[in-house]
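Structure, as C-alpha cells:
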Amino acid sequence: MKNSCLTELREDRGLTQAELAFKLDLSPSTISSYEQGVRIPRDAVKIKIARFFGVSVFDIFYQGYGLEQP
C-alpha cells in the first residue's frame, strides 16, 4: 500500500527522493520503498522523518497508509 502522505510532504517541499534521503541519512531507494509501501520504517526512522517534516508519526505512517486512529 502506497504512502501518499510521505510523497506529498516531500513534493510539497520541492525535494526529490535523493535530496530527502541525504537529509535523513538514508538511501534514495529506502525513501522510494517507504513511499511505495514496499517497506515500513522502523520506529526510530518514523520519528526522524516526522520531526523533519514537523508532523506526527501518526499523520505520516498511519493516515498515509489509509489507516484510522485507534
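Okay, here's what the table says:
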item: Matching residues in the stretch 10-30 - criterion: being open to solvent by 40 Å² or more (accessible area, probe 1.4 Å) and either part of a helix (DSSP H, G or I) or touching a helix residue (DSSP H, G or I) at 6+ places or on another chain (Cβ under 7 Å) (or both); result: Glu11, Asp12, Gln17, Ala18, Glu19, Phe22, Lys23, Ser27, Pro28, Ser29
item: Output for the stretch 12-21, where each listed residue is of a type in the set (Asp, Glu) and modelled with pLDDT of 95 or more; result: Glu19
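The values are calculated or read from the model by the stated rules, or taken from the named source; none is laboratory data. Keep in mind that what you see is a predicted model, and the values were worked out from it rather than measured. No Cβ is skipped: glycine too gets one built from the backbone with ideal geometry, and neighbour counts run over all protein chains shown. Heavy atoms of the whole protein, side chains included, go into the accessibility calculation; ligands, DNA and RNA do not. Shrake-Rupley method; radii C 1.70, N 1.55, O 1.52, S 1.80 Å.
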